[in-house]
Amino acid sequence: MEKLVTLKLSAGSLETGFSVILQIGEEGGWPTVEMDGALPPAPELQHTYQRWQVAYRRLGLPYRLEAKKGGFVTNVSRIDDCREVAQILSQQFNQWLSADSFRPLQDKLLEKLHPQETVRLVIQTQQTAVQRLPWQTWQICDRYPKAEVALSAPTFERISLQPPNRSRVRVLAILGNSQGIDVQTDQALLNHLPNADVKLLIEPDRQTLNNLLWDPEGWDILFFAGHSTSKSSPQAGSSANTVGQLFINPTESLTIPELKHALKKSLERGLKVAIFNSCDGLGLAQALADLHIAQVLVMREPVPDRVAHEFLKSFLEAFARGEPFYLAVREAREKLHGLEDKFPCATWLPAIFQNPAEAPPTWTSLVKPVADPEPIASPRRSSPFPWHRALTAVLAVAAATIGMRQFGAFQPAEVWAFDQFMQLRPQELSDPRLVVVAVTEEDIQAQDSKQRRGSLSDEALSALLQKLEKMQPRVIGLDIYRDFPVLPEQTRLAEQLRATDRLFVVCKTSDAQSPGLAPPPEVAKPQIAFSDFVVDSDNIVRRHLLALTPKPNSACQASYGLSTLLALRYLAEEGVSITATPEGELQVGQKIFKPIEKDFGGYQQIDANGHQILLNYRSLEFPDLIAEQVTLGDVLTDRVDPEAIRDRIVLIGTTARSFGDYWETSYRGDDTVNGEVAGVFMQAQMTSQLLSAILDNRPLIKTWPNSLELLWILIWVSLGGLIAVGAKVAFPSKPLITKLILATLIAESVLFSASWLLLVRVGYWVPWIPPALAIPLAAGIANAGTRATSHRTD
């Protein structure tokens, strides 16, 4: 099996360097290895190449360049000078490919390739300067005698070709302007091709050439010999600025784009190979690459007559006797080494331009498709029923899985799985926009028990608000119930509650057991929020209640949660717009907070009243580390740096367990008793979720539409069915049960990874438990069905 190696160079330059992607795979298959690397800037490489190019072109050889009056260049440099610069260029080139940033890719090639393997090495770049470099001198090519380098454009596509329907290879050979060169030898070599019909065009005019390219029978190979050249604009380096020009007769020349429509028709009718045995052909190759021709063979630089003839002779002999296209090129190129005493660097000249979407042809594949091998006789009669039974198993398991999920059978397991995924996420830092003032058990005991009502006396609250006001927080949230008026003697607190617009207080909505708790009567209605949380059937808080419609008889008539009002006030001062969509959904900036429905992800038939979203905890390992924490005593005794409060959201709440304001989370750890977290930290988690979604683009947890979730389950159940019939192919040397276990474990690992990454990276909660259970079930049932059918057909 041939190996295909691709090096993809980004749109950089020799002055700035390139990022590189290495891919290794079997010919005709998907890459099995992909790595990132980089090639550093190498401006000296381009300068050395230009020195070599000048020395090479001044050798005064009979190149197949554009014929000019006065003959060829006669300013001949010494051959030794050309060789010396070539050696320097080769050394610099290999040093560039040995850079630390590229070495891991080179090491991976040495690890994955065997010296006796046939290797196609495709360099994918748009930079003409890189395409001209002597890639054949890379040390990797010396290590692998069956490897050859090709060039490719970064963009390519497969062309629908007319299948060959002829018994002989059709070659259209154009012998163009031959002033000063010998094209008769090219003609003689073509005429000796086996099993080929060669149509010769000697110095044709443009119309004749165009008409033959439109030939309805099509051509397999397009050949050109004569003068050609590539001209670049002053902005060298990009293939888009290089133009190849063919001199088809003494008075006419044309470029590939001028034959665009005729060449496209030839491609559709089977053209697979273009050979330009002429000078400086990179411009021609790049133009043909834009037309997506499969294989183009050109000369990088001006080529002497003798070199052109010897290369063509050797290549045609090897290709026609059945050698793969790449190996035929390498053999012919290496044979040029015998001419380098008079024609230095001759082995550098031939270059393949490859369309990566097309496989290189062989001589026999140009005339007819490779026949399928005769099937090996089997002692058993083949039967279609194994596939039929596998399909039946897939449909049955899928229907059962989807039906059970719709009725909520998987909800406890799916919610548990959601908790595990959340705990496996990378831990996040605390939110620097929040600070929590905790009223601890010590703070409660330090207050006058006669004046204290609840966890915070009027005197302590007044002193706290006075201290905080001097520190200039942006907004304050008091997560402590005060369903009673301020004491008559605490006139300062009453005035503070009435005067400030930065303070938001809480009340509790009514339920079946209680009419609720009223807010402080001194605080204006727009600054009153509810503090209610939504708990699941296992008493864990996983949902975030943004808003609700209060009951008419409730003591608490607030429509928004404390976290919602705190976040919206903060965001409003950030200049973020706050509106509602036509459907009535909350829109903050560009983010729309879509409420969950009764069937949402793993939830089935839940109470979705109010505006609920899933709570994306910032940290489940230490939920109380959501924000910086200080105590009431710290603030009152001036042990808090004012900068720790300035322009932040301050949340005030009790952490004393004697007051019972603790809520269960899915975390079970040594530092959190039964996963319980104080209510003030839950409010901080919710406030942080809203701020982070808008200001940090942190994802909200969402789900796919129901139809897409069902399709996801069906795909994975189908994979379980495929495991039953495909495990034998994937692991031919293993026992049947081992095959099924290995294939199932691989599928389960991929499912787990995909489900976790979707949640962590983009915030999508997708079904994991239903397909995870269905994959082995479908595989087992399908395997049992196929085994039973196999026994009956013996």
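Distance between the pseudo-spin-label points of Ala644 and Gln605 (7 Å out from Cα toward the beta carbon): 5.1 nm.
Using Cα pairs closer than 8 Å and at least 6 residues apart in sequence, work out the relative contact order for the chain, in percent. Intermediate values should be presented prior to the final figure.
On the way: 1486 pairs, mean separation 84.4, N = 794.
Relative contact order of the chain: 11 percent.
Loop-located GluC sites (Glu not before Pro) across region 1-48 with a Cβ neighbour count of 13 or fewer within 10 Å are Glu15, with loop assigned by DSSP. Just report the Cα centroid separation between region 623-649 and region 255-319, whole Å. Here the two parts' Cα centres lie 75 Å apart. Near Cys279, the amide H atoms lying under 5 Å from its own belong to Arg64, Ser228, Val303; only residues 5 or more places off or on other chains count, and H is placed 1.01 Å from N.
Between Leu395 and Leu161, take the C-beta separation as r, use R0 = 35 Å, and let me know the FRET efficiency to the nearest 0.05. List each step's numbers first, then the result.
Details: r = 39 Å, r/R0 = 1.11.
According to the calculation, E is roughly 0.35.
Place a point 7 Å from the Cα of Lys594 along the Cα-to-Cβ direction; which residues of region 739-773 have their backbone N under 12 Å from it? Zone members listed by number: 764-765. Ser510 contributes an accessible area of around 20 Å² to the protein surface, as traced by a 1.4 Å probe with all chains present. On a 0 to 90 degree scale, rounded to 10, what angle separates helix 43-57 from the longest Cα axis of the chain? It works out to around 10 degrees. Hey, what angle do you get for helix 562-573 against the long axis of the chain, alpha-carbon based, 0 to 90 degrees rounded to 10? Here the helix axis deviates by roughly 60 degrees. Among the listed pairs Lys8/Lys112; Lys525/Lys702; Lys3/Lys264; Lys199/Lys264, those with a Cα-Cα distance over 27 Å are Lys525/Lys702; Lys3/Lys264.
In order along region 513-526, the Karplus-derived 3J(HN,Hα) couplings, from 6.51 cos²θ - 1.76 cosθ + 1.60 at θ = phi - 60°, round to 9, 8, x, x, 10, 6, x, x, x, 7, 9, 5, 4, x Hz, and Gly and Pro are given as x.
Evaluate the chain: find the radius of gyration of its Cα atoms, find its Kirkwood radius, and give the ratio Rg to Rh. Write down the numbers at each step before the final one.
On the way: Rg = 38.4 Å, Rh = 33.2 Å.
In the chain, Rg relative to Rh is 1.16.
In this structure, the amide hydrogen of Val169, modeled 1.01 Å from its nitrogen in the peptide plane, lies closer than 5 angstrom to those of Ala196, Asp197, counting only residues at least 5 positions away or on a different chain. For Gly270, the amide hydrogen comes within under 5 Å of the amide hydrogens of Gln162, counting only partners 5 or more places away or on other chains and with H modelled in the peptide plane. Excluding ligands, DNA and RNA, the accessible surface per residue across region 86-240 is 45 Å² with a 1.4 Å probe.
For region 565-653, the solvent-accessible area with a 1.4 angstrom probe is 45 square angstrom per residue. Helix 679-695 and the long axis of the chain differ in direction by around 40°, with both axes built from C-alpha atoms.
Based on Cα contacts under 8 Å between residues 6+ apart, region 560-673 shows a relative contact order of 14 percent. Measuring from each cysteine beta-carbon in the chain, the ones with no other cysteine beta-carbon under 4.7 angstrom are Cys82, Cys141, Cys279, Cys345. Taking a straight Cα-Cα cut-off under 19 Å and skipping sequence neighbours fewer than 8 places away in the same chain, the lysines within cross-link reach of Lys739 are Lys728. As a length-normalised measure over Cα pairs under 8 Å and 6 or more apart, the relative contact order of region 488-644 settles at 17 percent.
Expressed as a whole percentage, what fraction of the accessible surface of the chain belongs to carbon and sulfur atoms when a 1.4 Å probe is rolled over the protein heavy atoms?
On the way: 19590 of 35950 Å².
Summing carbon and sulfur atoms, their accessible area is 54 percent of the total for the chain.
Whole-Hz Karplus values for region 446-452 come out as 6, 8, 5, 5, 6, 8, 6 Hz, taken residue by residue from phi with 6.51 cos²θ - 1.76 cosθ + 1.60 and θ = phi - 60°; glycine and proline positions read x.
The values are calculated or read from the model by the stated rules, or taken from the named source; none is laboratory data. Here the structure is a predicted model, which is why all the values come from computation and not from measurement. Note that each Cβ is placed from the backbone with ideal geometry, even for glycine, and that neighbours are counted across all protein chains shown. Surface areas here come from the heavy atoms of the whole protein model, side chains and all, with no ligands, DNA or RNA. Shrake-Rupley method; radii C 1.70, N 1.55, O 1.52, S 1.80 Å.
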